[in-house]
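The values are calculated or read from the model by the stated rules, or taken from the named source; none is laboratory data. Worth saying up front: this structure is predicted, and the values here are computed from it rather than measured. Cβ: placed from backbone, ideal geometry, glycine included. Neighbour counts: every protein chain shown. With ligands, DNA and RNA removed, areas are computed over all heavy atoms of the protein, side chains included. Shrake-Rupley method; radii C 1.70, N 1.55, O 1.52, S 1.80 Å.
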Amino acid sequence: MANIPEINLAPDVLTTIGPVPITNAFLATLATSLILLIIAFIVRRKAGIIPTRPQMAFELVYEFIYEKMVMSFGDEERAQKFFPLIFTIFLFLLIANQFALIPFIQSIVTEDGISLLRTPTSDYSLPIALTILILVIANGLALMISPLRHIGNFIKFESFFKM
């Protein structure tokens, strides 16, 4: 009979620091953040007036997302305010989802046979946390900009006044 791989939804606990469990998905999230910081320092140091091919590719993605945000917000000032958050989440998820494509990353195991790194987005806590963060920010922003109009999207006041 062939070996069937075990499928776990919860990440494996590698160790604990006090009451906080350190899981393989958390470790991969830290590695993703470290990779993102290293890339930021390299881009910052290598950026120049005469762009290289990687700089041009980065600027192309940057401009594309920025233009979409200006269209979505309808205001360049608000788009500039929230662009760092949205672009950082985009880059983080882009790098985090590439963990599954790195050769031999799943073969790094502990003494117990637990994989040391796991794709960060394979654990439900990261996508749920990012979703809640964006929902709170989006609804808070909508309430600050136009509270009656935003609440009117959920409750139709016209039907109450037509009686």
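Please work out which residue is modelled with the highest pLDDT, limiting yourself to region 143-163 and to residues that are in a helix (DSSP H, G or I) and surrounded by 10 or more Cβ atoms within 10 Å (Cβ to Cβ). Ranking the candidates gives LEU143 first.
A single entry from GLN80, GLN98, GLN55 fulfils the requirement of being open to solvent by 90 Å² or more (accessible area, probe 1.4 Å) and of a type outside the set (Asp, Glu): GLN80.
Listed conditions (1) loosely packed, with under 13 Cβ neighbours inside 10 Å; (2) more than 30 Å from THR15 (Cα to Cα); (3) under 20 Å from the mean Cα position of the chain (by Cα) are all met by GLY48, apart from (3). Of the numbered criteria (1) modelled with pLDDT under 85; (2) part of a helix (DSSP H, G or I); (3) touching a helix residue (DSSP H, G or I) at 6+ places or on another chain (Cβ under 6 Å), the one VAL43 fails is (3).
Within region 124-142, restricting attention to residues that are under 10 Å from the mean Cα position of the chain (by Cα) and exposed (fewer than 12 other Cβ atoms within 10 Å of the Cβ), the residue that is farthest from ASN24 (Cα to Cα) is THR131. Of all residues in region 85-138, which are free of Cβ contacts under 8 Å to residues at least 24 places away in the same chain and assigned to a loop (DSSP other than H, G, I, E, B)? Once the filter is applied, which keeps residues that are free of Cβ contacts under 8 Å to residues at least 24 places away in the same chain and assigned to a loop (DSSP other than H, G, I, E, B), region 85-138 yields ILE102, PRO103, PHE104, ILE105, GLN106, SER107, ILE108, GLU111, ASP112, GLY113.
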